[in-house]
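Single-structure report; data block below.
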Amino acid sequence: MFRIPGSGGLLIGSWDLHQDTPKIQKLRYGEFPNVSMSALQTMESCISSAHLVESGPTRETFLVKWYKKLKKSTTSGRLITETYHLIVFKLDDQGNAVPTKDIGDLCIFLSDSEPFCVLASSFPDVLRPNELVTYAINEHFDFCLTESLVKTKYSDPDIRAPYHIPPQYID
């Protein structure tokens, strides 16, 4: 089955190759945890993206909303943004999107390629559980979900290929 978020993360479209018609599921969001009204207003003015992440090891589905503020615009018209906030929602089969700060032993990777997650315990000296690793045009950082905090920020202002390559299974 192929699944993709649509309409800013309000819908999930899915297509089963063994069925004739696609399915559209409307998501119902719970309240955002510990987010002030002024922060919500700022988030509404941000550039946002929705990333659907399916965990093979745990069979869970997450939707990550990534909010970025406009930092500056270059003379060539390129927009430079910086992350304002990240929120992870755990999705269930009924379409409920519940904010969570606990994804267990998982580490989610977000970039300009397909988002994915792996068990942090599979890479004990490299990854930490319950974190997001982000890689964007002008940002690269690790985000701790428990604390809603950027843990490690890497300084490489001119990342030319902001892609994480998912692990490949080779038999």
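The values are calculated or read from the model by the stated rules, or taken from the named source; none is laboratory data. Worth saying up front: this structure is predicted, and the values here are computed from it rather than measured. For neighbour counting, all protein chains shown are included, and Cβ atoms are generated from backbone atoms with ideal geometry for every residue, glycine included.
Structural remarks
- Within region 14-42, tally of residues that are touching a residue at least 12 places away in the same chain (Cβ under 8 Å) and either under 15 Å from K90 (Cα atoms) or part of a strand (DSSP E or B) (or both): 12
- Matching residues in region 58-114 - criterion: being at negative phi and among the small types (G, A, S): S73, S76, A97, S111, S113
Rundown of residues vs (1) within 17 Å of I80 (Cβ to Cβ); (2) touching an Asp or Glu at 6+ places or on another chain (Cβ under 6 Å); (3) among the β-branched types (V, I, T), yes/no style:
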position: I108; (1), (2), (3): no, no, yes
position: D112; (1), (2), (3): yes, no, no
position: S121; (1), (2), (3): no, yes, no
position: P124; (1), (2), (3): no, no, no
position: A136; (1), (2), (3): yes, no, no
position: I165; (1), (2), (3): no, no, yes
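- Screening I47 on (1) closer than 18 Å to Q94 by Cβ; (2) of a type outside the set (S, T, N, Q); (3) touching a Lys or Arg at 6+ places or on another chain (Cβ under 9 Å) shows it passes everything except condition (1).
- Residues satisfying the stated conditions in region 134-146, i.e. closer than 18 Å to F89 by Cβ and without any contact (Cβ under 8 Å) to a residue 40 or more places away in the chain: C144
- All conditions in (1) within 18 Å of Y163 (Cα to Cα); (2) modelled with pLDDT under 90 hold for S76, with the sole exception of (1).
- Taken over region 1-13, the criterion of being closer than 30 Å to T146 by Cβ and either outside any loop (DSSP other than H, G, I, E, B) or basic (K, R) (or both) is satisfied by R3, I4, P5, G6, S7, G8, G9, L11, I12.
- Residue-level check: of (1) over 21 Å from L10 (Cα atoms); (2) over 13 Å from the mean Cα position of the chain (by Cα), D93 misses just (1).
- All positions within region 1-30 that are over 18 Å from the mean Cα position of the chain (by Cα) and of a type in the set (D, E, K, R): D16, D20, K23, K26
- Qualifying residue in region 16-27 (condition: under 24 Å from S148 (Cα atoms) and modelled with pLDDT of 90 or more): yes
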